[in-house]
1. List the residue pairs whose Cβ atoms are under 6 Å apart, where the first residue sits in the stretch 152-163 and is in contact (Cβ under 8 Å) with a residue 24 or more places away in the chain, the second is outside any loop (DSSP other than H, G, I, E, B), and the two are 6 or more positions apart or on different chains.
2. For the condition surrounded by 15 or more Cβ atoms within 10 Å (Cβ to Cβ) and either of a type in the set (S, T, N, Q) or under 23 Å from Leu178 (Cα atoms) (or both), what is the one hit in Leu113, Leu94, Leu158, Leu139?
3. I'd like the full set of residues that are in a loop (DSSP other than H, G, I, E, B) and either in contact (Cβ under 8 Å) with a residue 60 or more places away in the chain or not assigned by TED's automatic domain parsing to the domain that holds Glu223 (or both), limited to the stretch 281-306.
4. Of the residues that sit in the stretch 146-155 and are within 16 Å of Phe179 (Cα to Cα) and touching a Lys or Arg at 6+ places or on another chain (Cβ under 9 Å), which one is surrounded by the fewest Cβ atoms within 10 Å (Cβ to Cβ)?
5. It is to be established whether one or more residues within the stretch 70-84 are closer than 15 Å to Arg131 by Cα and part of a loop (DSSP other than H, G, I, E, B).
6. Any idea how many residues of the stretch 338-371 are modelled with pLDDT of 75 or more and assigned to a helix (DSSP H, G or I)?
7. Can you report the number of residues in the stretch 164-187 which are in a helix (DSSP H, G or I) and either touching a residue at least 60 places away in the same chain (Cβ under 8 Å) or among the β-branched types (Val, Ile, Thr) (or both)?
Amino acid sequence: MNPFRNLLLLFRKPQELFSSHQRPDVLSSSVLKYIPVEIQKPREPAPSPRRPDALSSSILKDVPVEILLHIMSYLPIESAVVFSISCLHLKTRLGSRYFLEVASSTEHTLALLNLIVLDLPDCVACPACNRLHNMENLLRYCSTTYNSGSTTRQYDALPFPACVSYDRDRSSRMVSILFGSTAVKMALKRAHQNPECTELLTMMSSPRTRTTHWGKYVRQCREECRIVQGHLMHRIQSVFISRRREKLTAFRRPFDPAEDICTHIESEGQCFLNTIGSGVMGCRKCPTEYRADVMYCEGLGWGRFFTKWVDLGSELEGDLWSQHLPPTEAQQTRRFRDLLRGRVSVRTDKAPQDKIEVPPKAGELLSAFEGSRDYKFDSLLTPENKALFLRYRELYCRNGNNSR
């Protein structure tokens with residue numbers, strides 16, 4: 001054989017060793033003996049699962065469309081929509097006329113969502129957005145996600161949720177700066193489904209203690225949520241440390257750093273100062289407990305400690321969440337009209353026909369987090385947080401001196 005031809009064969013690609021008419025179509029018997037028989041035969045595609053033919057055994061297929069429409073006329077519009085999409089046969093025969101009627105009404109749309117969401121375990125119906133919200137996107141519906149210092153940026157390109165605007169208008173920060181009404185619904189629904197799941201509660205809690213500069217004070221704060229006997233419980237702990245040269249009078253009137261207790265209790269001025277050192281106290285109009293103390297912290301200075309425990313309820317559509325928020329303009333107007341008509345007591349500020357919920361005894365909400373009523377109010381100020389206080393204050397003072 002020509003030596004140049006042998007050289008070309010060495011550098012030719014393996015598939016080129018055979019021409020189209022020389023390439024073997026089957027493996028040799030010497031190779032086949034090493035391959036199992038079941039692999040040698042080409043596999044047939046698996047048959048697709050056959051959908052159950054429930055319609056053939058149902059009387060619905062024989063019901064005239066006129067009778068179906070007559071039945072639908074007795075149903076609420078949102079129920080008619082759900083009925084029309086319950087199977088392909090009904091959707092084909094009834095058409096989409098009921099969808100158009102629902103779409104023209106915000107009230108009917110929300111009612112439809114409330115029906116559909118019963119079969120969607122990971123969603124809640126939002127009355128502010130008139131949409132379904134998935135639990136995996138809980139952070140999208142929290143006001144703190146859109147603050148300037150937030151590290152959550154995956155929702156920046158999406159429309160601003162109407163429920164977040166609603167929470168801001170209702171001053172939901174009085175309860176928490178981390179979550180709002182939508183997150184509360186999600187957490188309660190998940191608790192009803194799986195009480196052991198803590199994923200959403202973790203998203204609604206502080207991952208770590210937050211340290212911020214607050215006027216002439218340094219503030220540390222931590223929030224936590226828990227499900228206790230089906231109720232969503234919330235605790236916030238904070239401590240303000242004054243500058244080292246400040247005396248105890250730094251926390252006397254006028255008193256700058258004050259926390260929101262609840263919408264029924266004034267949290268500024270003398271009213272707040274009177275609670276210092278009084279132990280655990282509670283609101284008479286909503287399930288809220290709180291405690292305020294002042295103590296000298298060695299190496300840090302005087303500190304003011306505040307803890308609040310709140311019961312946010314157990315029902316998705318309950319009004320306990322609203323009880324913790326300031327009344328809306330419509331509620332204030334209605335209350336004023338009832339007052340003029342003598343239907344509301346000036347003393348209780350409640351209508352006689354309303355169900356008055358008796359607040360729990362002081363210490364019951366506290367025990368949901370602390371395990372007992374013997375609560376150490378300075379538990380937030382751990383050695384690690386003390387060290388963080390010192391570093392933060394040193395950095396702040398250094399920057400303050402350099403800016404002068």
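The values are calculated or read from the model by the stated rules, or taken from the named source; none is laboratory data. On a predicted model such as this, the values are computed, not experimentally measured, just so you know. Reconstructed Cβ throughout: ideal geometry from the backbone, glycine too, with neighbour counts over all protein chains shown.
1. Pro161/Tyr141; Cys163/Cys126; Cys163/Tyr141; Cys163/Thr182
2. Every option except Leu139 fails the conditions.
3. Cys283, Arg284, Lys285, Cys286, Pro287, Gly299, Leu300 - these are the residues of the stretch 281-306 that are in a loop (DSSP other than H, G, I, E, B) and either in contact (Cβ under 8 Å) with a residue 60 or more places away in the chain or not assigned by TED's automatic domain parsing to the domain that holds Glu223 (or both).
4. Thr152
5. Taking every residue of the stretch 70-84 in turn, none turns out to be closer than 15 Å to Arg131 by Cα and part of a loop (DSSP other than H, G, I, E, B).
6. Result for the stretch 338-371: 4.
7. Residues that pass the stated criteria total 9.
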